[in-house]
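One structure is given here, and the rest of the page talks about it.
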There are 4 protein chains.
Amino acid sequence: MSEKSVRKKEYILEQAQKVFAQKGFKDVTMKDIVTACNVSRGGIYLYFNDTSEIFEAVLDLRAKAEKNLFTEQIENTRCAEEQMRRFLNEQKRELLNPTDSLIIATYEYLFAHSAALNKAEMEDNFMHASGQLLRIIQNGVENGEFSVEPDVAAQNIVLLLEGLRISSTVLTLSEEFLDHQMEYILSQLTRGQST
Amino acid sequence: MSEKSVRKKEYILEQAQKVFAQKGFKDVTMKDIVTACNVSRGGIYLYFNDTSEIFEAVLDLRAKAEKNLFTEQIENTRCAEEQMRRFLNEQKRELLNPTDSLIIATYEYLFAHSAALNKAEMEDNFMHASGQLLRIIQNGVENGEFSVEPDVAAQNIVLLLEGLRISSTVLTLSEEFLDHQMEYILSQLTRGQST
Amino acid sequence: MSEKSVRKKEYILEQAQKVFAQKGFKDVTMKDIVTACNVSRGGIYLYFNDTSEIFEAVLDLRAKAEKNLFTEQIENTRCAEEQMRRFLNEQKRELLNPTDSLIIATYEYLFAHSAALNKAEMEDNFMHASGQLLRIIQNGVENGEFSVEPDVAAQNIVLLLEGLRISSTVLTLSEEFLDHQMEYILSQLTRGQST
Amino acid sequence: MSEKSVRKKEYILEQAQKVFAQKGFKDVTMKDIVTACNVSRGGIYLYFNDTSEIFEAVLDLRAKAEKNLFTEQIENTRCAEEQMRRFLNEQKRELLNPTDSLIIATYEYLFAHSAALNKAEMEDNFMHASGQLLRIIQNGVENGEFSVEPDVAAQNIVLLLEGLRISSTVLTLSEEFLDHQMEYILSQLTRGQST
DNA sequence: AATGAATGAGGATTCATTCAT
DNA sequence: AATGAATGAATCCTCATTCAT
């Protein structure tokens with residue numbers, strides 16, 4: 001694939017991402033994407049065969065971008081609570097900007113393809129997703145900052161965030177509301193500390 | 001509407017519910033529902049005008065059924081922790097049986113109609129959903145069983161459950177996994193108790 | 001057919017007439033008529049088999065009513081010009097009230113059935129329609145009031161009126177406009193008179 | 001739109017015109033037109049969105065063609081009576097060939113859309129239609145050939161022609177019959193001349 | 001006589017996908 | 001590589017008409 005092709009492909013993915021954020025996955029047609037990009041009706045097939053392929057590529061692109069962001073934002077501190085605060089703040093920032101969230105699209109996609117999906121692999125993914133968090137919490141426990149079962153706590157937070165993300169597609173979550181929840185999470189991690 | 005019609009309508013809703021549980025909301029066509037029931041192509045329009053109307057009716061039916069179940073299961077005890085356990089057990093039971101969950105369908109429906117929806121009203125609904133829980137937690141706080149901010153804790157649990165429900169469409173949640181989370185929730189409510 | 005049936009049938013025709021006046025012929029469905037009357041979906045078939053039959057019956061009913069009106073209004077004068085004025089006034093009155101005109105419906109009906117129609121018979125009808133007029137004009141010619149070729153003049157007036165009727169479905173004809181035309185017609189009949 | 005597209009569009013309009021002439025407006029379906037042209041079920045939508053749009057385009061096409069014809073046929077003479085004869089002959093020619101008349105279709109279309117139409121604008125159109133005629137008659141009056149009120153006479157002739165056109169959809173008008181009417185019109189214009 | 005539930009045919013419309021250019 | 005015209009499948013939805021009650 002020529003360099004020009006690569007750039008065009010990336011452009012398509014950028015535009016497609018917006019479409020998926022706005023309409024979810026199932027309602028998006030090839031026509032929608034063709035309209036959003038600068039491609040002809042037939043031209044899109046030179047790059048992708050259907051909306052699933054496009055969506056997968058969008059997710060891949062995002063995953064790469066996020067990975068970089070993630071490590072960079074957090075690693076530069078020793079204090080687990082501080083790391084946790086940064087992490088939660090990052091989440092909060094995203095939750096306050098639901099316009100470009102792919103959460104609904106992602107669930108629609110996964111659910112639509114659930115027959116074809118490897119559940120074991122998905123669980124692995126879930127564990128990975130909580131991996132970052134797990135490390136922070138383990139740090140905290142080792143430091144004596146936190147006193148929880150690290151696995152369970154990390155999963156708990158991941159699930160809560162998922163609940164927030166999915167709710168944000170339908171509700172308007174205020175910053176105040178999110179602050180309360182974030183504080184609650186932190187206070188839970190340190191609960192036994194007072195003794 | 002004759003009595004027979006009423007029964008047929010209910011039958012349609014039962015069958016439709018299965019379809020929505022299996023395919024979500026957006027992918028369901030009038031034809032799907034027609035095929036699942038014993039109705040002709042045009043016959044369904046005697047009862048409903050489109051899939052949205054059917055889905056709304058399915059949700060209404062569910063809401064009624066759940067309301068009864070809820071009060072009955074929980075009210076017969078004074079101990080807040082016991083009430084909480086019963087509530088969580090009920091949630092666990094549902095989470096282990098994701099085949100007939102409408103969670104994906106519900107989010108697809110809400111998201112697809114989000115332009116037409118009243119966000120303020122939706123937030124009210126959310127608050128109500130946590131209302132039951134809120135009362136249990138307030139009881140617990142008054143009893144001295146729990147020591148949390150009731151509002152925030154109730155919302156936290158609702159969101160976590162939402163996270164579990166939506167995740168269950170894509171992952172297989174083991175009973176063990178759920179038990180850990182449920183215990184974690186309970187332990188959080190009683191955190192300061194040890195002192 | 002029982003007396004009650006006869007009355008119901010007439011009631012149906014009355015209501016149907018309004019429907020045809022409003023929608024023309026082709027757009028009217030059995031459902032429209034059923035909705036406009038107090039009859040059940042299937043019940044209408046006890047009286048009529050399709051919209052054509054209903055429309056034909058409506059026209060028959062009208063024809064009867066008009067015939068009575070016509071003779072009654074005009075015959076009581078000897079002066080041809082006065083008769084003519086009365087006739088034209090009656091036409092004017094109808095043209096100013098186009099809401100219950102069946103002209104469009106009639107042409108739609110005739111055109112839709114033109115294959116099945118006997119053209120010769122239709123021409124007879126046309127001649128009949130001008131018959132009344134013809135007699136008045138012949139009177140006038142014999143009196144020396146008018147000086148025209150009676151056949152041609154009568155047909156001319158019938159055609160002009162048809163033009164007015166059909167135009168009135170689409171334009172709003174003012175009373176003033178109609179007065180000018182009516183005067184013009186009259187002046188034509190008497191044209192040679194000045195000599 | 002490519003040149004080929006333009007030609008195809010014109011081809012569609014030609015074929016559609018025949019369909020409208022035969023069936024009127026309301027009975028014509030997209031399927032009818034698709035069948036009459038060489039287009040697939042969905043293909044027609046590349047050119048037009050519904051039958052109204054097609055019919056409007058057909059009328060536009062006609063209007064252009066007629067405008068040319070009109071001026072060309074008439075302007076080359078000074079004598080108003082001669083101009084009038086040519087004009088009426090042209091009308092006669094069309095009336096004798098009712099197979100490709102769009103009159104019924106036009107009234108069905110106008111009537112069906114009457115709610116959406118601007119009546120004032122329609123009246124303007126009507127006045128314009130009589131404009132050509134009006135000029136001829138004014139010429140004649142100035143020449144001393146005719147002695148009538150030009151406005152009223154022009155409108156009278158337009159309405160008569162409309163009556164003839166609409167009647168021709170249902171009756172077979174003989175050439176003789178038309179000749180009589182045409183002569184009658186002309187004689188009316190010159191009525192006072194004898195003095 | 002009368003009802004109205006039910007059926008199925010028919011037409012509208014939108015898209016994924018192909019293909020000639 | 002790229003275009004966009006064209007096709008045909010799939011769905012939606014409305015009615016005429018039938019039929020059990």
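The values are calculated or read from the model by the stated rules, or taken from the named source; none is laboratory data. Model, not experiment: these values are computed from the prediction. Note: ideal-geometry Cβ built from the backbone for every residue, glycine included; neighbour counts use all protein chains shown. Protein only, heavy atoms only, side chains kept; ligands, DNA and RNA dropped before computing areas. Shrake-Rupley method; radii C 1.70, N 1.55, O 1.52, S 1.80 Å.
Values computed for the structure shown
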{"read-out": "Degrees, to the nearest 10: D:103-112 long Cα axis against longest axis of chain D", "value": "70"}
{"read-out": "Average other protein chain Cβ within 10 Å of Cβ, residues C:164-174", "value": "6"}
{"read-out": "Degrees, to the nearest 10: A:119-143 long Cα axis against longest axis of chain A", "value": "30"}
{"read-out": "FRET efficiency estimate (nearest 0.05) - Cβ-Cβ, A:Thr172 to B:Arg93, R0 30 angstrom", "value": "0.40"}
{"read-out": "D:Asn38 paired with D:Lys119, simple spin-label distance in nm, labels 7 Å along Cα-to-beta-carbon", "value": "4.8"}
{"read-out": "R0 of 22 Å, Cβ-Cβ distance B:Arg86-A:Glu149: FRET efficiency to nearest 0.05", "value": "0.40"}
{"read-out": "Too-long pairs where the Cα-Cα distance tops 23 Å, listed order kept, from A:Lys18/B:Lys31; D:Lys31/D:Lys92; A:Lys26/B:Lys9; D:Lys18/D:Lys92; D:Lys18/D:Lys67", "value": "A:Lys18/B:Lys31; D:Lys31/D:Lys92; A:Lys26/B:Lys9"}
{"read-out": "Label 7 Å beyond Cα on the Cβ vector: A:Lys31 copy-to-copy distances, nm", "value": "1.6, 2.1, 2.5"}
{"read-out": "Cα gyration tensor shape of the range B:77-195, rounded if a/c is under 1.5, else prolate or oblate by comparing a/b with b/c", "value": "oblate"}
{"read-out": "Inter-chain Cβ neighbour average for residues A:144-152, partner chain, 10 Å", "value": "2"}
{"read-out": "J(HN,Hα) series, the range A:154-163, from Karplus relation 6.51 cos²θ - 1.76 cosθ + 1.60, nearest Hz, glycine and proline x", "value": "4, 4, 4, 5, 4, 5, 4, 4, 5, x"}
{"read-out": "DSSP loop trypsin sites (Lys or Arg not before Pro) with at most 15 other Cβ within 10 Å excluded, longest remaining stretch of chain D", "value": "D:79-195"}
{"read-out": "The protein assembly as shown - charge dipole about Cα centre, Lys and Arg +1 at Cβ, Asp and Glu -1, debye rounded to 20", "value": "1200"}
{"read-out": "Inter-chain Cβ neighbour average for residues C:21-30, partner chain, 10 Å", "value": "2"}
{"read-out": "Candidate aspartates and glutamates - alpha carbon under 18 Å from C:Lys8, same-chain residues fewer than 8 apart omitted", "value": "C:Asp32, C:Asp50, C:Glu53, C:Glu56, C:Asp60"}
{"read-out": "Relative contact order of chain B, defined on C-alpha pairs under 8 angstrom at six or more residues apart (%)", "value": "24"}
{"read-out": "Sequence of C:Glu3, B:Glu94 when ordered by accessible area, the most exposed leading, probe 1.4 angstrom", "value": "C:Glu3, B:Glu94"}
{"read-out": "Angle in degrees between helix D:3-23 and the longest Cα principal axis of chain D, rounded to the nearest 10", "value": "70"}
{"read-out": "Stokes-Einstein diffusion coefficient of the protein assembly as shown, Kirkwood radius over Cα pairs, 20 °C, 1.002 mPa s, in µm²/s", "value": "63"}
